[in-house]
Each structure stands twice: as structure tokens, then as C-alpha cells.
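Below is one structure, written out as C-alpha cells; comments come after it.
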Amino acid sequence: MAELSRLDKIKLERVFDMEGGYVLDFSNRTFEEFFLEKYEIEIYNEKYENEYSGSKANRIREFWKKENNYIVGKSIIEILDYSKAIGYSYHHPTEIINDELIEQCYKIGYRLRDEIGVAEIDAIKPIEDTRNYKLLSKSIKNHILKDQPEAGLDRLHTYLVGYIRSLCEKHEIGYEKKESLNAFFGKYVKNLVKLEKLNQK
């Protein structure tokens, strides 16, 4: 569950124009597409329903309750960026929104995004500009964001095998396909020591 105080939620709901069940100018379709494209989350899944209604506002409230700090913080920042593009408010006068309130909401997003251990998740990038590695790096990120460590570690092992092999090939270090990750990573480290690029201490 994301660590949002009652005051945090009041501020966000005002800026996101959530009165009456709305979220800015999102339609059902664009709201669904936003969460699918950004996080591979099906926001219209029953997981994000509550006892009151299945409105967009209630779904994002459930999203805040059920997802971790990082993904909620990241979504807050991206929705704020979107709100800028459309002038902050859609259903109500913009006088209720001011620069100070918007800045406070950005700070909420940054605090959540940067508080947990996956803040450096964007370091996981495709090894090569190929579809397989793009899908693999995306899969690892999604498993981490959804708090699925076992699946994430399995995909991360596959990623590391490809990554270290690519480094060995780049530096002309021979290895056998059947060798374990530990074996050819050891060869890579020895090469760095030999070239005095890595201290043995």
C-alpha cells in the first residue's frame, strides 16, 4: 500500500479533478490505455473496484491503496505532467488549482517514487536494440513493480546471462555456451584484473 496521508489524498484529488468520479479528462478508454501502456496494469480489473462504484476516481483510490510507493509515485508524477498539458482542470474552474498546490503534489510523487529500493529500476535497460531484450527488461521491471520477486529474479538471471556474455564478446573473452553465469563472469573479472581496471583488494 502506498504511504499517502489523508491530506496527501485531498491535495491529489483536487489537482486530479476527481470530484464526481472523474480523473481529469480521461475517458474510460484513455484511462485504461494509460495504465496498460505505462505499467501493464488493467485498471478495470475487479482488483481496483470498491463497494461504492467503479468510477475512474474510485479506481485510482484503490490503486493508491493496493500498489507500492514506487509505482504510485511514478503514476502521480506522470498524471501531473499530463494535467499540465490540458491546463490542470477539466470539469471545474482552474482557480481552485494553483502553482503551490501542484508543487506539493509533485513532492508527494517524488517522495513515494524515491523512498523504496527500486528507485534505480530504470538502470535495467535492453542490452541490445532487439525486441527480445526490450521485452525481457520490461518484464523484469514489471515483476519488481508488482512485488513479484521470484519471477523478477528468474528473468533477471536470464538478463544477466545475456549482459555478461555481451561484455565477454565485446572484450574478446572466450566462453562456452554451456558455462554457468558464475563461470564466464569469473573470466570477465579476471580480465579486468589483468588489465588493471579492477583492484584485487
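For the stretch 12-29, what does the Karplus curve 6.51 cos²θ - 1.76 cosθ + 1.60, with θ = phi - 60°, yield as ³J(HN,Hα) per residue in whole Hz, taken in order and with x for Gly and Pro?
These are the phi-based 3J(HN,Hα) values: 5, 5, 5, 5, 7, 6, 8, 4, x, x, 8, 9, 6, 9, 4, 8, 4, 5 Hz.
Would you mind counting up the charge near residue 50? Only other residues with Cβ under 15 Å from its Cβ, with Lys and Arg at +1 and Asp and Glu at -1.
+1
For the stretch 1-106, which chymotrypsin sites (Phe, Trp or Tyr not before Pro) are in a loop by DSSP, counting at most 14 other Cβ atoms within 10 Å?
Within the stretch 1-106, the qualifying chymotrypsin sites (Phe, Trp or Tyr not before Pro) (loop, at most 14 other Cβ atoms within 10 Å) are 52.
Karplus couplings for the stretch 176-189 from phi (6.51 cos²θ - 1.76 cosθ + 1.60, θ = phi - 60°), rounded to Hz, Gly and Pro as x?
9, 4, 7, 5, 6, 4, 4, 5, 7, 5, x, 5, 5, 5
Could you give each residue of the stretch 70-75 its phi-based ³J(HN,Hα) in whole Hz, using Karplus coefficients 6.51, -1.76, 1.60 with θ = phi - 60°, and x for Gly or Pro?
Running phi through 6.51 cos²θ - 1.76 cosθ + 1.60 with θ = phi - 60° gives 4, 5, 5, x, 4, 5 Hz.
Report the label-to-label distance for residue 150 and residue 191 in nanometres (one decimal), using points 7 Å from each Cα along the Cα→Cβ vector.
With each label point 7 Å from Cα toward Cβ, the separation is 3.6 nm.
What is the sum of charges, Lys and Arg at +1 and Asp and Glu at -1, for the other residues whose Cβ falls under 10 Å from the Cβ of residue 86?
Taking every other residue near residue 86 into account, the sum is -1.
Can you work out the PRE-style zone for residue 47? Point 7 Å along Cα to Cβ, and I want the residues of the stretch 1-31 with backbone N under 19 Å.
Residues 1-4, 31 qualify, since their backbone N sits under 19 Å from the label point.
Quick note: the coordinates plus some simple rules give every number you see, no bench work behind them. Here the structure is a predicted model, which is why all the values come from computation and not from measurement. Glycine also receives a Cβ, built like all others from the backbone with ideal geometry; neighbour counts cover every protein chain displayed.
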